[in-house]
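Remarks on the structure that follows.
Values quoted throughout were computed directly from the atomic coordinates according to the rules given, and no laboratory measurement underlies them. Predicted model, so just to flag it, every value in this text is computed and none were measured. Please note: Cβ atoms are built from the backbone with ideal geometry, for glycine as well, and neighbour counts cover all protein chains shown.
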Amino acid sequence: MFETLIEGRAIKPNERLHFLGKYVAGDAKEAVDGFLLLESEDAYQRAKEMLAIRFGDPYAVAAAYRQKIESWSTISPTMDTD
């Protein structure tokens, strides 16, 4: 979807990188932030490649979701006293 909204328009690569940095969070944001300091034309493409390498593996994504779910607190069933 990001590619459709941002890459599909005639937006300069440095502006694309800005949008990419704006719409990611957590570890992905930290990865992209390093590229925001670069003033090269290919910084956006390099940032996308880094995201694909670090976060594009479906097993890594599934493991991260599983870890997040397992860290949630347990919800106890409630007993009606009526």
Rounded FRET efficiency, nearest 0.05, which uses the C-beta distance separating LEU36 from TRP72 and R0 of 41 Å: 0.80
For the stretch 2-71: Kirkwood Rh in Å [reciprocal of mean 1/r, alpha carbons]: 13.0
